[in-house]
Amino acid sequence: MNGLYTILLLLLSNVFMTFAWYGHLRLQQAGLSRDWPILGIILFSWE
């Protein structure tokens, strides 16, 4: 059963990171994150 939980958590993590990456690309494409410090981008990504 632990193996199943591991696989599910990896899948959820992968989906989350995919959406985060696409969100990052959209912000970059819109020019909104060009002048942000890295800490601002990290904090924005958690909202």
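The values are calculated or read from the model by the stated rules, or taken from the named source; none is laboratory data. A quick note: this is a predicted structure, and the numbers were derived from the prediction, not measured. Please note that ligands, DNA and RNA were not included when accessible areas were found on the heavy atoms of the full protein model with its side chains. Shrake-Rupley method; radii C 1.70, N 1.55, O 1.52, S 1.80 Å.
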Note on the chain: alpha-carbon gyration tensor, axes a ≥ b ≥ c; rule is a/c under 1.5 for rounded, else prolate if a/b larger than b/c, else oblate; result prolate
As a test of the formula, what do you get for the chain when each DSSP H run with n ≥ 4 contributes -39,500 (n - 2.57) and the sum is divided by the residue count, at 222 nm and rounded to the nearest 500 deg cm²/dmol? -27000 deg cm²/dmol
Residue-normalised accessible area of the chain, expressed per residue, 1.4 Å probe, Å²: 98 Å²
